[in-house]
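The structure appears below as structure tokens.
The values are calculated or read from the model by the stated rules, or taken from the named source; none is laboratory data. Since the structure is predicted, the reported quantities are computational estimates derived from the model, not experimental observations. Cβ coordinates were reconstructed from backbone atoms using ideal geometry, including for glycine residues, and neighbour counts include every protein chain displayed. Each accessible area value is taken on the protein alone, full model and side chains, heavy atoms only, with ligands, DNA and RNA left out. Shrake-Rupley method; radii C 1.70, N 1.55, O 1.52, S 1.80 Å.
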Amino acid sequence: MRKTIVECVYEHAKATPDKTAVIAGGVETSYSRLFALSNAYGSFLTAQGLKKGGVVVTRAAQTLEYVVLYLGVHMAGGVISSLEKSVPDQVMGQVADTVKAQMIISTELSAFEGEGRTLVKRDVLADAERFIESPVRPFPQLEDSADILFTTGTTGKSKGVELSHKALAATAENLIYGCGYKQDTVIIVPGPLNHANPIRKLFTTLVNGSTIVILDGMIDIRAFFKALDTPGSIACCLPPSAVRMIFTLTKDKIGEYADRIDFIESATAPLPETDREHLCRLLPNTRLLNNYGSSESASVCMYDYNKYPGRVGCVGKAMPNSQIVVVNDDREIIHSSKDNMGLLACIGDVNMKGYINEPELTREVLEDGVVYTSDVGYIDDEGFVYISGRKGDVINVGGLKVAPTEVEAAALALDGVVDCICVPVDNAITGKALKLIVVLREDLPFEVKTIRSFLSTRLEAFKVPTVYEQADHVARTYNGKLDRKAYANGELCMV
């Protein structure tokens, strides 16, 4: 029987009270302690006036305090919308307006005074201790709203994705199945907990009754490797940018842990093929997983590229609480193939309720419970799902369609290319041409002929860029995705 996240924490607190649930800042917190604090903070919020269904806006943090805040809002029957820890007060206020927040929780409140909302000074653990003897509160219902997760805005303006407790629980079930969680899994999560993939690892861990190690990013690479020595079946949640950082800063050091790491899961964007191949060489017995999903439709496919190598563009098979279909531009299901691609659509309990207070935007992607994506792809005869790129990203070069991701994957295979992005530029003959912006290792010269010659061995002629530039770095969104909007018409070059 499916249960909400907080109810699962409660049951683990009864069954395995002393088991470690969260390790943050080097401090271990048991399931019994975590539930007691979360239940108490829920009582505190209720005492502050939070109503059932009321929206709470706050900032995320890589701390136990934030985990208690997140669960405490759920225990109070509220809905939480968490933002970047460094987001300005003005932006936080704008988000509060967008979601019609009842409450703001912040360390500083002066910027939000006079707006008719309940303002709560952020002192979570101390406030929870004041209510620590509170009886167990009623749990929310599965159909109730739980989270409002803001998208990155890479394909348009940032939108608040409204998710039910049912969607969170179904997502956790998918990830437990797709990642093969064990009871002694210890998953290391460096990403910000207001981002989709890291927060999913938090509540998946709590549903499973295992342990999460929360790191404050990958700046302290020593902390990451120290976490790999934590007792248990080690797993890592690493976006592609984190994998690349590990390679850049420590070369092949992660290979020393080949016998320790059960699985590594990546999401937010496909891991470049060269990085996949390198991880496979270093960790031959580790399950190396690519998780496909979105804010609107969470964790729908899983692909073990160590088990099924060489499937370029593959994102795996749909997981139990998801179904993938391929549709045409009229949203009619088609029989897809490599030669007959369409747009992917997702059916299942992991789907969002909609964009909060945005009915027109919701109708653009959600119809009768089905989330329609802009991902162009197909499903093969074995049920593997493939993506060639996003509909809006495909570049039309004289009538020939090019997925920039394919060009970028080829370029990253060239030794010395640290990062890159393929963007369109105007061309008098073909309408659009391809431009490749590359970041090279510091000791290498920028030689266009070498790069072009290498790409010619891996790509069809019309996919080989005609324009090349060197940059110190390429623009990415705050969760590591290539920021293609920043390069509209090839105008931006970060030299």
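Out of everything in the stretch 388-413 that is in a loop (DSSP other than H, G, I, E, B) and buried (at least 19 other Cβ atoms within 10 Å of the Cβ), what residue ends up being farthest from the chain's Cα centre (by Cα)?
Ala403
How many of the residues making up the stretch 369-422 are touching a His at 6+ places or on another chain (Cβ under 8 Å) and over 25 Å from Gln470 (Cα atoms)? So that I can check it myself, show each step before the final result.
At the first step, the residues of the stretch 369-422 found to be touching a His at 6+ places or on another chain (Cβ under 8 Å) are 419.
Subsequent filtering for residues that are over 25 Å from Gln470 (Cα atoms) retains none.
Qualifying residue count, the stretch 369-422: 0.
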Quick one: Ala13 ticks every box in (1) more than 11 Å from Met75 (Cβ to Cβ); (2) in contact (Cβ under 8 Å) with a residue 60 or more places away in the chain; (3) among the hydrophobic types (A, V, I, L, M, F, W, C) bar one, so which box is it?
(2)
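Restricting attention to the stretch 365-387, which residues are touching a helix residue (DSSP H, G or I) at 6+ places or on another chain (Cβ under 9 Å), surrounded by 19 or more Cβ atoms within 10 Å (Cβ to Cβ) and either hydroxyl-bearing (Ser, Thr, Tyr) or without any contact (Cβ under 8 Å) to a residue 40 or more places away in the chain (or both)?
Step one: list which residues in the stretch 365-387 are touching a helix residue (DSSP H, G or I) at 6+ places or on another chain (Cβ under 9 Å), which gives 371-374, 387.
Now narrow it down to the ones that are surrounded by 19 or more Cβ atoms within 10 Å (Cβ to Cβ): 371, 373, 387.
Within the stretch 365-387, Thr373 is the sole residue that qualifies.
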Filter the stretch 186-212 down to the residues that are assigned to a strand (DSSP E or B) and open to solvent by less than 10 Å² (accessible area, probe 1.4 Å) and list them by number.
Val186, Ile187, Ile188, Val189, Ile212
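If a residue must be part of a helix (DSSP H, G or I) and of a type outside the set (S, T, N, Q), how many such residues does the stretch 71-127 contain? Before you say what the answer is, go through the steps one by one.
So the first thing to find is which residues in the stretch 71-127 are part of a helix (DSSP H, G or I), and the list is 71-75, 89-99, 110-112, 124-127.
Right, trim to of a type outside the set (S, T, N, Q) and you get 71-75, 89, 91-93, 95-97, 99, 111-112, 124-127.
Total meeting the criteria: 19.
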First in the stretch 180-208 and charged (D, E, K, R), second anywhere and open to solvent by 20 Å² or more (accessible area, probe 1.4 Å), Cβ under 9 Å, 6 or more apart:
Lys182/Gly232; Lys182/Asp262; Asp184/Pro231; Asp184/Gly232; Arg200/Gly293
Considering every residue within the stretch 438-461, establish whether at least one is over 30 Å from Ser337 (Cβ atoms) and touching an Asp or Glu at 6+ places or on another chain (Cβ under 7 Å).
yes
Would the stretch 244-258 turn up any residue that is assigned to a strand (DSSP E or B) and among the β-branched types (Val, Ile, Thr)?
no
In the set Ser110, Ser106, which member is more than 21 Å from Asn357 (Cα to Cα) and open to solvent by less than 40 Å² (accessible area, probe 1.4 Å)?
Ser106
Of the conditions (1) under 21 Å from Ser158 (Cβ atoms); (2) without any contact (Cβ under 8 Å) to a residue 60 or more places away in the chain; (3) touching a Gly at 6+ places or on another chain (Cβ under 8 Å), Val99 clears all except one; give me its number.
(2)
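Return yes when Asp443 is more than 30 Å from the chain's Cα centre (by Cα), of a type in the set (Asp, Glu) and assigned to a strand (DSSP E or B) and no when it is not. Give the steps one after another, and end with the answer.
Values: more than 30 Å from the chain's Cα centre (by Cα): yes; of a type in the set (Asp, Glu): yes; assigned to a strand (DSSP E or B): no.
Against the criterion (more than 30 Å from the chain's Cα centre (by Cα), of a type in the set (Asp, Glu) and assigned to a strand (DSSP E or B)), Asp443 does not qualify.
Is it true that some residue in the stretch 177-185 is buried (at least 20 other Cβ atoms within 10 Å of the Cβ) and closer than 30 Å to Val95 by Cα?
First, the residues of the stretch 177-185 that are buried (at least 20 other Cβ atoms within 10 Å of the Cβ): 178-179, 181, 185.
Next cut, closer than 30 Å to Val95 by Cα only: none.
The answer is no; no qualifying residue exists.
From Ile395, Ile324, grab the single residue that is without any contact (Cβ under 8 Å) to a residue 40 or more places away in the chain, among the aliphatic types (A, V, I, L, M) and out of contact with any Asp or Glu (no Cβ under 8 Å at 6 or more places or on another chain).
Values: Ile324 fails: without any contact (Cβ under 8 Å) to a residue 40 or more places away in the chain.
The match here is Ile395.
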Somewhere in the stretch 335-352, is a residue closer than 17 Å to Asp375 by Cβ, hydroxyl-bearing (Ser, Thr, Tyr), open to solvent by less than 10 Å² (accessible area, probe 1.4 Å) and not in a loop (DSSP other than H, G, I, E, B)?
no
For the stretch 116-144, which positions are acidic (Asp, Glu) and touching a Ser or Thr at 6+ places or on another chain (Cβ under 8 Å)?
Glu143, Asp144
Do we find that Lys307 is closer than 27 Å to Thr204 by Cβ and either within 20 Å of the chain's Cα centre (by Cα) or not charged (D, E, K, R) (or both) in this structure?
no
Restricting to the stretch 49-99, name every residue that is over 20 Å from the mean Cα position of the chain (by Cα), open to solvent by 40 Å² or more (accessible area, probe 1.4 Å) and modelled with pLDDT of 95 or more.
Lys51, Lys52, Gly53, Glu65
